[in-house]
Amino acid sequence: MKKTKDTNTEIKILEAAKSIFQRKGMAAARMQEIADEAGINKSMLHYYFRSKELLFSAVFIGAFKSLAPQLNDILNSDDTVFDKIKKFSNNHITFLASHPYLPSFILQEMNGDEAFVENLLSEIKFPSIKKFKQQVEQEVEDGNLKPITAEQLFINIIALNIFPFVAKPLLNRILNTSNSKYQQLIEERKTEVSAFIINSIKK
C-alpha cells in the first residue's frame, strides 16, 4: 500500500531543518539530527526528502517566498527613492538575521554545484526593480541624486546588507565582539546601511 505524505509532518520536518541549518549551517547539518529534531526516524525523513540538498531547497524557497513579496512591494510602491532604500534594508536585514545560513550557502554552492543553485533559483520569483530604476534615473536627471545607475545602487545595498552575515567569523575576530554585541551591530545596520547609502548619493 502506497504511503501518503502528511502536511503536518512535512511542516514539522521543515521547521526542524530550519532550526538545524540555523545552528550549524547547511554543510555541517546531518539528516539524523534533523530527524531527531522533528521527532521522526531517519527513514521517514528520507521518504519526505530524499537528500539534504532537497530539504535545504524546500527551506530556502519557503523562506525566500516570504521575503520576495515584501521587497517587491517596497520597490514598486509610490515611496521616494530614499524611503525605499530605508525600508528595503530594514526588511532585508531582518530577514537575513532570521536566516543567517542562507548567504554563505549560496556563495559556497555557486562556487561548487552551479546546477543545484540554478535549479534552486529557477523556482523563485525575484522582485522587479523596474520602477525603482525609473525613479533613480529621473532623480539623477533632475539633479537630486549624484550620478549613479540603479543597478549599481541596488548592488551596493545588497552587498552592504549581506556582507556582515557572510563574514561574521572574520568580523567577530577583527572587531573583538561577543555574539550578543554582534547581534546588536546587526540590529543597528538596519538603519546604518540606508543612512550610509543615502548620504553617499544625495546632493
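The values are calculated or read from the model by the stated rules, or taken from the named source; none is laboratory data. Here the structure is a predicted model, which is why all the values come from computation and not from measurement. Note that we place each Cβ from the backbone using ideal geometry, even for glycine, and neighbour counts take in every protein chain shown. Surface areas here come from the heavy atoms of the whole protein model, side chains and all, with no ligands, DNA or RNA. Shrake-Rupley method; radii C 1.70, N 1.55, O 1.52, S 1.80 Å.
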- Of the residues in the range 167-179, those that are part of a helix (DSSP H, G or I) and open to solvent by 90 Å² or more (accessible area, probe 1.4 Å) come to PRO169, LEU170, ARG173, ILE174, LEU175, ASN179
- Item | Scan of the range 180-203 for residues that are open to solvent by 30 Å² or more (accessible area, probe 1.4 Å), among the hydrophobic types (A, V, I, L, M, F, W, C) and within 22 Å of LEU107 (Cβ to Cβ), ordered by number | LEU185
- For the range 122-166, enumerate the residues that are farther than 21 Å from LEU96 by Cα, open to solvent by 70 Å² or more (accessible area, probe 1.4 Å) and touching a residue at least 40 places away in the same chain (Cβ under 8 Å). LYS130, ASN144, LYS146
- Message: Looking at the range 26-40 only, could you name the residues that are exposed (fewer than 15 other Cβ atoms within 10 Å of the Cβ) and in contact with a helix residue (DSSP H, G or I) (Cβ under 6 Å, 6 or more places away or on another chain)?
- Response: GLN32
- Item | PHE21, sole failed condition from (1) open to solvent by less than 20 Å² (accessible area, probe 1.4 Å); (2) without any contact (Cβ under 8 Å) to a residue 24 or more places away in the chain | (2)
- Note on the structure: Pairing a residue in the range 44-60 that is within 13 Å of PHE105 (Cα to Cα) with any residue that is among the acidic types (Asp, Glu), where Cβ atoms lie under 7 Å and the two sit 6 or more apart in sequence or on different chains, gives none
- Message: Out of the helices (runs of 4 or more DSSP H) lying entirely within the range 1-115, which hold 1 or more residues that are modelled with pLDDT of 85 or more, within 16 Å of the chain's Cα centre (by Cα) and of a type in the set (S, T, N, Q)?
- Response: 7-28, 52-75, 81-98
- Query: Does LEU75 satisfy the criteria of being surrounded by fewer than 19 Cβ atoms within 10 Å (Cβ to Cβ) and either farther than 25 Å from ALA167 by Cβ or not basic (Lys, Arg) (or both)?
  - Reply: no
- Any residue in the range 179-203 that's without any contact (Cβ under 8 Å) to a residue 40 or more places away in the chain: show its pairings with residues that are surrounded by 13 or more Cβ atoms within 10 Å (Cβ to Cβ) at Cβ separation under 6 Å, as long as the two are six or more apart or on different chains. TYR182/ASN172
- Count of the range 150-203 residues which are more than 19 Å from LYS133 (Cα to Cα), of a type outside the set (Lys, Arg) and over 15 Å from the mean Cα position of the chain (by Cα): 22
